[in-house]
Amino acid sequence: MADAAPEPKEPPLIRREDYRPFPWLVPEIVLDFDLGLDRTIVRSTLTVARNARGDRADTIRLNGDGLSPRRVAIDGAPVNDWAMDEGDLVLPLAGDAHEIMIETEIDPSANSQLMGLYASNGMLCTQCEAEGFRRIAFFPDRPDVLSTYRVRMEGSRTQFPVLLSNGNAVAHGESDDGRHWAEWHDPWPKPSYLFALVAGDLVARSDRFTTMGGREVALNVWVREEDLPRTEHAMESLKRAMKWDEDAFGREYDLDQFNIVAVGDFNMGAMENKGLNIFNTKYVLADPETATDGDYDAIEGVIGHEYFHNWSGNRVTCRDWFQLSLKEGFTVLRDQLFSQDLQGEAVKRIEDVRVLRSVQFPEDSGPLAHPIRPDSFREISNFYTATVYNKGAEVIRMMRTMAGPEAFRAGTDLYFDRHDGEAATCEDFVSAMEDGAGLDLGTFRRWYSQAGTPKVSVELDHRGNTATLTLRQYVPPTPGQPAKQPMPIPLRLALFDRASGTHAGEQLIVLEDAEATIAFDGFAERPVLSINRGFSAPISIERQASRDDLVFLAARDDDAFARAEAMQELVVGHLVAAAGEGLDASDRQQGQDAIAEALAAVLEDSRLDDLMRGELMVLPGEAYLAEQMLVADPGRIHREREGLKRWLAGELGDRLRTLHSRASAVPYALDRKARGARKVKTLALSYLAAGDREAAAELAARQYDAADNMTDRQGALMALCGLDSAARTDRLIDFYRRHRSNALVIDKWFSLQAMSLHPAAIEHVKALREHQDFTLRNPNRVRALYMAFAGNPHAFHTESGEGYRLVADLILDLDPINAQTAARFVPPLGRWRRIEPGRAALMRAELERIAAAPGLSRDTREQVERSLG
Ligand code: PHE
Ligand code: ZN
C-alpha cells in the first residue's frame with residue numbers, strides 16, 4: 001500500500017459541473033476473498049455492459065489505490081495490454097458486454113489509514129465510504145455505479161470463526177486445513193461504498209424484529225466476547241429505530257438479516273453498509289458503569305442514523321459525492337426526529353442547535369466554508385462536515401416547517417417512490433418535495449448553493465395600536481462566493497402581551513426578500529417579540545432586545561426552546577460586551593444581576609423538569625461567543641466566562657448546593673427523572689467549582705466516591721480535573737486503575753484531562769501524549785486527547801502559541817499514518833482570521849509549517865491550503 005508515498009503533483013480539483021455518467025454499467029460483481037491478516041487475495045469478477053447514457057469508450061477505467069493486478073482476464077482469456085494511470089487500471093474493451101476478472105493482493109495489517117480492508121484487534125473489517133473500495137479491488141468506485149454483490153470468503157476457522165458480508169447468508173462450509181468459508185448475496189444493487197466484509201472472533205447478541213409487512217428479520221450485534229454484556233442498549237435502540245421508521249416515514253426493512261459489528265479502530269462514528277453496519281465501539285457499547293447518559297443518547301442516535309440510511313442512502317443513494325447532503329442531511333434530520341420522540345422535543349432541539357452553533361457556524365464563517373452541496377473538492381473525505389450533515393439537516397427541516405409534517409411526509413413518500421433503486425441528486429429531492437408536499441422551492445434552492453450563515457436583523461416598532469416588524473437579511477461572503485442573493489427564511493414568531501404574559505398564537509412568516517416589513521394590529525402596548533422559535537431557520541438573529549424583555553421571555557415563554565434562547569441571549573449579550581468593548585462597573589453589575597435573577601428562577605422553578613433545567617443552566621460556549629465577535633480574544637472570553645461563573649457561584653451558592661443534594665438523593669435509573677437529576681447535579685457542581693475551590697473539591701470527591709454510574713463519576717472527575725487539589729490526583733489514579741482494561745473509558749480519562757480548566761492543562765496534555773496508553777494508531781485515542789485539547793480554549797489558545805504547536809506536531813506525525821483523521825485537526829488552526837493578531841500570527845505560522853512539509857497527504861494538504869487562503 002502506498003500509505004506514506006509522497007504526492008508528486010497537485011491533486012486535481014473535482015467539479016460538480018463536470019459530472020458525466022460512467023460509460024459502463026456493472027450489473028453484477030462476484031468477489032472471492034482468501035483471507036489473511038497480512039495477505040489477502042481478492043479475485044473480483046465484473047459483468048460489464050455499455051451504458052446507453054454514457055459516452056462511448058474503447059477502454060474501461062477501474063479505480064485503484066495502492067493496488068497492482070496479479071492477473072487480468074477478459075471473457076476468460078488472459079490480458080496483458082492493460083495500463084496503469086495513477087492508481088487506476090485501464091483495460092481495452094471493444095465489445096458491448098464482457099466479463100472482467102482481476103486478482104489483487106493486499107496486506108490488511110499494514111493498512112493504518114483504516115480505509116479499505118484493514119485489521120483491527122485480530123479481526124478483518126472494511127471501510128469503503130467514500131473511496132475505500134478502490135483499496136480492495138479495481139472497480140468504478142463511484143456511487144452511481146450500482147451492482148449486485150455475491151461474496152465468497154475463506155479463511156482460518158480459529159482466527160476468523162465469524163464471516164460476514166452484505167445481504168443474506170447463502171451458504172457456508174468447511175475446507176481443508178482448519179479453514180472454512182461463507183457465501184453472501186445481496187439482492188439490492190448498491191454502489192461500492194456500501195460494500196462490507198467482516199471476519200473475526202466475535203460473538204453476537206441476537207434478537208428478532210417483525211416488520212410491518214410481516215418479514216421476520218434476524219438481528220445481531222457482533223462484539224468481542226468480553227463486550228457482550230454491554231450490547232443491550234444498542235439492540236433496544238435498533239428495534240426502536242426499525243419501528244420508528246415504519247411509523248414516522250413508512251419505511252420497512254428489506255433483508256432477512258441485519259448485522260451490526262463494533263470495531264475499536266474506526267475513523268468515524270459508524271457506517272451504513274447494506275445489511276452490515278460497522279460501528280465504532282463508542283457508539284455500541286454501554287452499561288451504567290462505563291457509559292454516561294450522553295453516551296446512551298449518542299448510541300441511540302447513531303444506531304438510528306445508520307439504520308435510517310437503509311432508505312435514505314442505500315435504497316436511494318447519491319449520484320456523486322457532491323450530493324452527499326442528500327443522504328446525510330436527510331438522515332441527520334431523521335435521527336434528530338427519532339431521538340426527539342424519545343428524549344423530548346425541546347431538550348433535543350436545544351442540544352442540536354448547540355452543536356450547530358458551536359461547530360457549523362464557525363465552519364460557515366471561516367476559510368473552509370462551503371455550501372451543503374459543494375461545487376468542488378480535492379479530497380471528498382474533507383467534506384464530511386457539520387455543514388453537509390447538520391446544516392443539511394436544518395435545510396430539510398425548514399422544508400418540513402414550511403410544509404407541515406403531513407405534507408412533508410407526502411413529499412418524502414414521493415421521493416422514495418420515484419427514486420428507489422437510483423443514484424439521485426439534491427435537486428431530485430427538492431423536486432419531489434415540491435411535487436409531493438406542494439411547496440414552491442424556487443429560490444429556496446439557494447440554500448443548497450450558497451454558503452454562509454444568514455444574519456437577520458430585527459427591529460420592532462410600536463405606534464398607536466400597531467407593532468411593526470422590520471426584517472433584513474444578509475448572507476455574508478464566503479470563499480469563492482463574494483456576493484449572495486436573499487434566501488427564503490421561515491421564522492416562527494409570537495408577540496407577547498407584557499401584562500398578561502400570553503400571546504394570541506404563533507405565526508410562521510417566510511422572509512423571502514432582502515427586507516420585509518410586517519404590521520401587527522391590536523397592541524395597545526409594545527409587545528415582547530419571540531422569534532425564530534424552535535430555531536425554525538439556521539440563521540443568526542441580530543437585535544437589540546432589552547434586558548427586561550429577555551428576562552421576561554426566559555421566565556415566561558411558552559415555547560421551551562425559545563425560553564432557553566432568551567436565557568442564552570441574555571448571557572451572550574453580557575459576555576460579548578464584557579469580552580469585547582468592555583463594560584463599565586454599573587453595566588457589568590446590571591448584567592450580572594439580570595443573569596443571576598434569571599438563573600435563580602431556573603434553579604427554583606418547580607414546573608421545570610431537571611433535563612430542561614439542565615439545558616437552561618448551560619452557559620454559552622467559548623467558540624460560540626467568539627463567533628459573535630469580528631475578532632476575538634480567546635483569553636478575555638475565557639476569563640469573562642469563568643468570572644461570571646464564579647460570581648454566580650457566590651451569588652447562588654446555597655441554591656446550587658441545595659440542588660446538588662436534592663439531585664444526589666435520586667437513585668440511579670435510566671428514566672427522565674433520574675437522568676435529569678444526574679445532569680443538574682454535575683452542572684451545579686461545575687458552577688460551585690468556579691467559586692470556593694476547596695469546598696468544591698470536597699463535594700466533587702464525595703460525588704466521585706458515591707458514584708454508582710459513569711455519569712456521576714465522570715462529572716465529578718471533570719470538576720476535579722479543573723481544581724488543584726490532592727483529591728484530583730487520587731481520583732485520577734483510581735479512575736485509571738478501575739477502568740484500565742476498557743479502552744472507551746480510558747479515552748474519557750484522556751479527554752477529561754485535556755479538556756480541563758486546570759491552569760496546567762497544556763502540561764498535562766504533553767505528559768499524556770507520552771503515556772504508555774497513548775497511540776497514534778487508534779483514532780478514538782487520538783481524538784480523546786487532541787480533539788478535547790483543541791476544544792479547550794484556555795489551553796489551546798495559550799498565549800505563547802504552544803497549543804497551536806502541539807496540534808501542528810500531531811498533524812505532521814499523524815498524517816502518514818491516518819491522513820483522514822489528521823486533516824480533521826486543521827480547522828481549529830484555520831480560525832486564525834477571527835482571532836486577535838498576536839495569536840493569529842502564531843496560528844498561521846503553524847499552518848505554514850505544515851504546508852511546507854514534504855509528502856503531505858491530499859487530505860491535509862487541501863485543508864491547510866484552504867485555511868491559509
Ligand atoms: N456515512 C457515515 C454516516 O454518516 C459516515 C462515514 C463516512 C463513515 C465516511 C465512514 C467513512 O453514517
Ligand atoms: Zn450518515
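What follows draws every value from the coordinates through simple rules; no lab data is involved. These numbers were taken from a predicted model, which means no experiment stands behind them. Counting neighbours? That spans all protein chains shown, and the Cβs are built from the backbone with ideal geometry, glycine included.
Based on the Cβ-Cβ distance from T517 to Q544, what FRET efficiency comes out when R0 is 25 Å, to the nearest 0.05? Can you show the working numbers first?
On the way: r = 17 Å, r/R0 = 0.70.
That gives a FRET efficiency of 0.90.
Where the centroid of each part is defined by its Cα atoms, how far is the range 315-331 from the range 504-540 in Å?
Going from one Cα centre to the other spans 33 Å.
Please compute the alpha carbon radius of gyration of the range 317-448, then divide it by the globular-protein estimate 2.2 N^0.38 Å. Two decimals is fine. Display every interim value, and only then the final one.
Values: Rg = 14.6 Å, N = 132, 2.2 N^0.38 = 14.1 Å.
For the range 317-448, the normalised Cα radius of gyration comes out at 1.04.
Quick check: Cα centre of the range 804-844 to Cα centre of the range 97-126, how many Å?
Each part's Cα centre sits 31 Å from the other's.
Report, in degrees rounded to the nearest 10, the 0 to 90 angle that the Cα long axis of helix 837-851 makes with the longest principal axis of the chain.
0
Between T210 and T59, how many nm apart are label points set 7 Å from Cα along the C-beta direction?
5.7
Given axes a ≥ b ≥ c from the Cα gyration tensor, I'd like to know whether the range 484-642 is rounded (a/c under 1.5), prolate (a/b larger than b/c) or oblate. Write down the numbers at each step before the final one.
Details: a/c = 1.72, a/b = 1.22, b/c = 1.40.
Oblate, because a/c is 1.5 or more while a/b does not exceed b/c.
Return the Rg/Rh value of the range 746-869, two decimal places, where both radii are evaluated on C-alpha atoms and Rh is the Kirkwood radius.
Values: Rg = 13.6 Å, Rh = 14.4 Å.
My calculation of the ratio gives 0.95.
Could you give the Stokes-Einstein D for the range 47-89 in µm² per second, using the C-alpha Kirkwood radius, 25 °C, 0.890 mPa s? It would help to have the intermediate numbers written out before the result.
Values: Rh = 12.1 Å.
Once the numbers are plugged in, D ends up at 203 µm²/s.
Would you work out the relative contact order for the range 344-443, in percent, from Cα pairs under 8 angstrom that are 6 or more residues apart? Provide the component values of the computation, followed by the final result.
Working: 64 pairs, mean separation 21.7, N = 100.
With pairs under 8 Å counted, the relative contact order is 22 percent.
Percent relative contact order of the range 455-542, based on C-alpha pairs within less than 8 angstrom and at least six residues apart? Don't jump to the answer; show the numbers that get you there.
Values: 173 pairs, mean separation 33.9, N = 88.
Result for the range 455-542 is 39 percent.
For T158 and D75, FRET efficiency with R0 = 41 Å and r from the beta-carbon atoms, rounded to 0.05?
On the way: r = 39 Å, r/R0 = 0.95.
After rounding to 0.05, the efficiency reads 0.60.
Quick one: Kirkwood hydrodynamic radius for the chain, alpha-carbon pairs, angstrom, one decimal? Could the numbers behind the result be given before it?
On the way: mean 1/r = 0.0348 Å⁻¹.
Answer for the chain: a Kirkwood hydrodynamic radius of 28.7 Å.
For the range 737-780 and the range 273-312, what is the centre-to-centre distance using only Cα atoms, to the nearest Å?
Value for the Cα centre distance between the two parts: 23 Å.
Rounded, prolate or oblate: which fits the range 95-175, taking a ≥ b ≥ c as square roots of the Cα gyration tensor eigenvalues, rounded meaning a/c under 1.5, else prolate when a/b beats b/c? If you can, show how the numbers build up before the last one.
Details: a/c = 1.89, a/b = 1.27, b/c = 1.49.
Verdict is oblate for the range 95-175.
Helix 726-739 sits at what angle to the longest principal axis of the chain, using alpha carbons and giving 0 to 90 degrees rounded to 10?
Once rounded, the angle reads 30 degrees.
Pairs of alpha-carbon atoms within less than 8 angstrom and 6+ residues apart define the contacts here; what relative contact order does the chain have, in percent?
Details: 1704 pairs, mean separation 76.7, N = 869.
With pairs under 8 Å counted, the relative contact order is 9 percent.
Quickly rank 278-285, 420-427 as a protection proxy: mean count of other C-beta atoms within 10 Å, highest first. Show your work: numbers first, answer last.
Values: 278-285: 24.5, 420-427: 17.6.
Highest-to-lowest ranking by the protection proxy: 278-285, 420-427.
Hey, what does the equivalent ellipsoid look like for the range 24-201, semi-axes from the Cα gyration tensor as sqrt of 5 times each eigenvalue, largest first, whole Å? Could you put the intermediate results ahead of the total?
Values: eigenvalues 147, 56, 47 Å².
They are 27, 17, 15 Å, listed from largest to smallest.
Quick check on the range 59-121: what are the equivalent-ellipsoid semi-axes from the Cα gyration tensor, as sqrt(5λ), descending, whole Å? All intermediate terms of the calculation are to be shown ahead of the outcome.
Numbers: eigenvalues 143, 29, 19 Å².
They are 27, 12, 10 Å, listed from largest to smallest.
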